[in-house]
Amino acid sequence: MLYFLKQLWSRRNYPPGPFPLPFIGVAWQTGIRVTPTLLIKLAKRYGNIYTIWSGHMAVVVFSGFQAVKEALIQTEDFAERQMTPFFKEAFKNKGIIFSNGQNWKQQRRFGLITMRKLGLGKKGMENRIEEEAHRLVKIFARAKEQPLDPSLPVTTAISNLICFMVFGYRFSAKDEKFQKMLINLNCYMKFGGSFIYLLYELFPWLMKHLPGRHQRVFRALNDVISFAKEEVEKHRELQSLHDPQDFIDYYLLEMDKLAVPGLRALFETHFYTHPIIFAFRLLLITFSYVREKVRKEIEDTLDPTHSICYQDRVKLPYTYAVIHEVLRLKYVLIVGVPRQSARDVNLYGYHIPKGTLVVTDLNSVLYDPKRWETPEQFNPHHFLDKDGHFVPREEFLPFGAGPRVCLGEQMARMELFLFLTILLKSFKFQLPEGAKELSLEPIMGLSLHPHPYKLCAVPYCRTP
């Protein structure tokens, strides 16, 4: 009891929050599972900066646009990445996302430069995305209006774009290694936020010796890393370093330039892939009035023989607004990727010690009633002015902000625009006959993803 009282006294200057008990923290009030709805309720009760105790670990949450802007953009005090026990074991402090300091700066700078060299933001990458979109059109057409689960072909298309950039080639949808990699990544994404995951974060010294789902996840991640290492060795054997064609080629070339052995080793081991999560698929058939309005804008604005390109977003303000509204309403993570305070920080009268786990509640920004007219509703007019022109919003932060902003933001924007417009130009999407209405409530995991469903792609009739 004395120890517990001492702990409470030492925490007195932290931001307010639910009262913690020994071992279980605030779970007796909030429950085991953290949801976006719960975080917004806590912000209403305790303010836009509050503390959640997970066992003995403090988690400071920034909620609402102004607080999140302070944490992400206006200061670098929270630019470091926090490594919780699970992520430390899973990624060994490696990679652009899970590294800090000079190592992170080198990794990120290299990643940005290399992605530009590989065509990001140029016509070459756009053409690749168009090719994958047209492959999707062929897959939906082959279904001949029969019910089809869109998750596998769409995930395969998006993953293949990453694979082409990283490995230099795409995989067949039937490739066993490729499918195993997707299954392993999906296993990891569904594990985050589960009860076993929380137990591992609280009691890593015990859980790492026990069997369970977490061990399967570690094996799955090791398989993905082994897959990437095999590709690296193939690239070494081909010796195409003087004419680099993909991310691995540039990585190996950069390693040869590094004179310091320690830095060489960092570049060699910081390699893994992860899927891009997409959120627009439910909206293709749930909001049919939006779909028809998008299609009409495309028909009225673009030449029927015109091949849609990314620059057309300027001519299609409503369509571009729909894509932004999808990302706003269906943000794919529970919170932004965790960070930590790089030093002792005094903010708004609260003391946040160095090394404290800090998370930004981006859902609270995207749903902030002070910034959005109808935050709970799907409303593309959030991004349109009274004349129907597209208007960017500073509150639109699904890719984060500041020095840790998502490295693949531009590629994701291109994919969403081209996939959506090309598919909607080709098909009318509807539920199979007799199917129940789709649930918009997400399945919780490391990401938020829609429930499985099937749809029918009905080709639009084309006059000769």
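The values are calculated or read from the model by the stated rules, or taken from the named source; none is laboratory data. Quick caveat, the model's predicted, so the values are computed rather than measured. Note that we place each Cβ from the backbone using ideal geometry, even for glycine, and neighbour counts take in every protein chain shown. Surface accessibility is based on the protein's heavy atoms, side chains included, excluding ligands, DNA and RNA. Shrake-Rupley method; radii C 1.70, N 1.55, O 1.52, S 1.80 Å.
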Checklist entry - To the nearest 500 deg cm²/dmol, what mean residue ellipticity at 222 nm is calculated for the chain from DSSP H runs of n ≥ 4 alone, each contributing -39,500 (n - 2.57), summed and divided by the residues? => result -14500 deg cm²/dmol
Item to check | Rounded if a/c under 1.5, otherwise prolate or oblate - the stretch 372-423, Cα gyration tensor axes | outcome: oblate
Next on the checklist: So if I average 1/r over every pair of distinct C-alpha atoms in the stretch 350-464 and take the inverse, what Kirkwood radius in Å does that give?
Outcome noted: 18.4 Å
Checklist outcome for this item: From the Cα centre of the stretch 385-407 to that of the stretch 78-131, the distance in Å is 21 Å
Item to check | Label-to-label distance, nm, for residues given as R216 and W9 (7 Å Cα→Cβ offset) | outcome: 4.8 nm
Checklist outcome for this item: With R₀ set to 25 angstrom, the calculated FRET efficiency between the beta-carbons of S288 and T37, to the nearest 0.05, is 0.40
Checklist outcome for this item: Computed ³J(HN,Hα) along the stretch 319-334: with the Karplus parameters 6.51/-1.76/1.60, θ = phi - 60°, integer Hz and x for glycine or proline, the list is 4, 5, 5, 4, 4, 5, 5, 4, 5, 6, 6, 10, 4, 8, 10, 5
Checklist entry - Roughly what percent of Cα-Cα pairs across the chain reach past 41 Å? => result 21 percent
Checklist entry - Simple spin-label model, 7 Å along Cα-to-Cβ: K123 to L238 in nm? => result 2.5 nm
Item to check | Global form of the stretch 279-397, assessed from the alpha-carbon gyration tensor, a/c cut-off 1.5 | outcome: prolate
Checklist entry - Percent of accessible area on the chain owned by carbon and sulfur, 1.4 Å probe? => result 57 percent
Next on the checklist: For a Förster distance of 35 Å, can you work out the FRET efficiency between the beta-carbons of E409 and R343, rounded to the nearest 0.05?
Outcome noted: 0.80
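With +1 on the Cβ of every Lys and Arg and -1 on the Cβ of every Asp and Glu, and nothing else charged, how large is the dipole of the stretch 366-442 about its Cα centre, in debye rounded to the nearest 20? Write out the running numbers ahead of the final one.
Details: 9 positive and 12 negative charges, 40 e Å.
Dipole magnitude for the stretch 366-442 comes out near 200 debye.
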Checklist entry - Roughly how big is the stretch 298-403's charge dipole about its Cα centre, with Cβ charges of +1 (Lys, Arg) and -1 (Asp, Glu), in debye to the nearest 20? => result 600 debye
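How would S54, S10, S63 rank on accessible area, largest to smallest, probe 1.4 Å? Provide the component values of the computation, followed by the final result.
Numbers: S54 40, S10 70, S63 5 Å².
So, going from the largest accessible area down, we get S10, S54, S63.
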Item to check | Virtual spin-label span in nm between K174 and F203, 7 Å along Cα→Cβ | outcome: 4.8 nm
Next on the checklist: Which one, P317, V365, H134, projects farthest toward the positive side of the charge dipole computed for the chain from Cβ point charges (K/R +1, D/E -1)?
Outcome noted: V365
Checklist outcome for this item: Result for the chain: accessible area per residue, probe 1.4 angstrom, in square angstrom, of 50 Å²
Checklist entry - At a probe radius of 1.4 Å, what is the per-residue accessible area of K354, in Å² to the nearest 10? => result 140 Å²
Next on the checklist: Only bridges whose two residues both fall in the chain count here: according to DSSP, what percent of them are antiparallel, nearest 5?
Outcome noted: 80 percent
Checklist entry - Considering the alpha-carbon set of the stretch 26-182 alone, what are its Rg and its Dmax in angstrom? => result 21.3, 57
Item to check | Residue-level accessible surface for L112, protein heavy atoms, 1.4 Å, Å² | outcome: 60 Å²
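Taking the Cα centre of the chain as origin, work out the dipole magnitude from +1 charges on Lys and Arg Cβ and -1 charges on Asp and Glu Cβ, in debye rounded to 20.
Details: 61 positive and 46 negative charges, 176 e Å.
With Lys and Arg at +1 and Asp and Glu at -1, about 840 debye.
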Checklist entry - Just the accessible area for F140, please: 1.4 Å probe, Å², rounded to the nearest 10? => result 10 Å²
Item to check | Across K234/K454; K92/K370; K94/K208; K330/K454; K234/K425; K122/K330, pairs whose alpha-carbon gap is larger than 30 Å | outcome: K234/K454; K92/K370; K234/K425
Next on the checklist: Suppose accessible area is computed on protein heavy atoms with a 1.4 Å probe; arrange R116, R213 from highest to lowest.
Outcome noted: R116, R213
